[in-house]
1. Between F335 and I92, what FRET efficiency follows from the Cβ-Cβ distance if R0 is 45 Å, with the result rounded to 0.05?
2. Once Rh is set to the Kirkwood radius over Cα pairs, what Stokes-Einstein translational diffusion coefficient, in µm²/s, holds for the range 66-134 at a temperature of 4 °C and a viscosity of 1.567 mPa s?
3. Tell me the label-point distance for the pair V343, T3, using the 7 Å Cα-to-Cβ offset, in nm and rounded to one decimal.
4. For F308 and V394 in one chain, what is 0.36 nm times their gap in residues minus the Cα-Cα distance, to one decimal in nm?
5. Stretched out fully, how many nm does the piece from Q37 to E432 gain, at 0.36 nm a residue minus the Cα gap?
6. Work out, step by step, the length gained on full extension between L11 and V425: first 0.36 nm times the residue separation, then minus their alpha carbon distance; give nm to one decimal.
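Bear in mind that the values in this text are calculations on the coordinates, not laboratory data. Everything numeric here is computed off the predicted structure, so don't read it as measured data. Note that each Cβ is placed from the backbone with ideal geometry, even for glycine, and that neighbours are counted across all protein chains shown.
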Amino acid sequence: MRTRQVAVLTLFGSLGGLLFGYDTGVVSGAMVLMRSQLSLSHSQQEAFVGIAILFAAFGSPIGAAMADRFGRKFVLASNAFLFLITSVILAISSKFVFLLLARAGIGLAVGSAAATTPMYLAECVPVHQRGSVVATYNLFVNGGQLAAAIIAGAFSRYDSGWRFMLGLAGVPALIQLIAVFCMLPESPLWLHQRVERLEFMVDTALEDSEMNSPTKSEDSNQARDDHLSGFNFRSFLGECFSSAPSAARRALFVGCFLQFIQQASGINTVMYYTGTLLADSGFGSGNAIWLNALVASFNFVFAFVGVFLMGKFSRRAVTLSSLFGVICSLILVVFAFAFGVKVLSVVSLCLYLACFASGMGPAPWTINAEIYPIYFRAAGAAASTITNWLTNFVVSSTFLSLIDATSKAGAFSVYAGIAAFGFLVLFKFLPETSNLEHSSGYSSIPMQTH
């Protein structure tokens with residue numbers, strides 16, 4: 001594959017990550033204005049944030065099923081269209097219930113994009129470029145979050161500025177929608193898989209013509225339908241927990257646990273609520289929104305470091321080093337809020353995002369894009385992404401309540417403890433995946449026993 005083709009594929013394919021990052025990151029700045037203009041309670045703020053995350057958990061298996069049946073490109077186009085429509089609704093709606101419904105639609109698109117875009121990118125590029133390309137998707141996620149923070153700062157002086165913040169996501173959505181039809185190829189692995197399924201259908205049809213038994217014919221038809229359908233909801237649980245080979249189940253455990261720890265270490269409490277946290281810490285609404293942009297910039301800048309590290313060093317080393325840094329920086333966040341040191345609170349949040357973005361940001365997506373064998377890839381991607389979004393939902397929708405029950409320091413102490421537990425588990429079970437072939441997945445590497 002030529003360098004120019006890889007660049008075009010990465011740029012326009014990763015726009016789903018940009019939209020993912022923008023629509024999750026813009027909430028932090030928009031909420032500062034929305035909560036006063038719309039008189040939102042804590043529960044309404046949590047609902048506005050949480051409903052998108054909850055529906056993202058549904059969007060992941062839906063997107064994976066559609067990607068396996070209709071192709072990766074079809075899902076990319078569907079996601080872009082949904083991002084476009086919901087952005088328009090958020091920009092013009094006046095009632096909170098419609099805002100919630102639009103956020104639910106964004107959740108579906110974000111969940112679908114998170115499950116399918118890294119898989120699509122990993123399947124379209126050579127093995128030696130896979131780590132950097134999939135990490136670039138995460139760079140676009142962080143870039144979207146930074147863009148959201150800057151745009152939020154630019155519109156913070158206007159009472160209805162939150163409408164512009166939420167509505168501008170329609171621009172990259174429209175660009176990606178056009179690019180999917182004009183520039184992006186279909187996944188070669190998906191096309192190969194479809195050819196194999198068609199060959200299976202022909203072979204099964206020939207066998208049917210030689211069968212006289214209705215029972216055998218019924219069984220053969222059912223096998224043909226199951227083989228052609230690929231990933232589907234009826235077989236999803238069975239694929240994940242019973243009928244899948246042990247190597248695929250081990251891969252699923254590692255993939256899901258990585259996504260769990262990524263979210264349970266508190267990343268999206270920082271991305272969604274930094275503006276609110278800093279405003280409540282005495283910085284003032286306008287300053288808090290711009291400081292949120294400063295924090296988000298660290299996330300973006302160190303995402304470049306993540307792209308370099310994921311392409312240069314082993315996945316295992318990068319993941320564990322990053323997670324160790326996350327634990328240390330969370331301890332600093334706890335001290336900053338416990339003793340009310342405003343400057344330290346900003347510095348420690350920036351350090352936390354620097355450590356996270358350089359490893360724990362891209363690693364779960366990269367490893368999940370390559371750890372599964374081809375026959376299990378859609379199911380594995382869906383299950384791990386569901387884990388990500390459900391954990392995200394639980395953490396984000398309980399964050400303000402957890403602060404009310406304990407304190408800011410208490411909430412981040414919980415996340416630090418979970419991150420430390422995750423480090424121990426991953427140190428024992430996380431394998432190296434950087435040199436796996438596209439179709440082999442976990443079946444070609446032994447279980448770690450460190």
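1. 0.50
2. The estimated diffusion coefficient comes to 97 µm²/s.
3. Simple spin-label model gives 4.5 nm for this pair.
4. 27.8 nm
5. Gain on extension, Q37 to E432, equals 137.2 nm.
6. Separation in residues times 0.36 nm, less the Cα-Cα distance, equals 145.6 nm.
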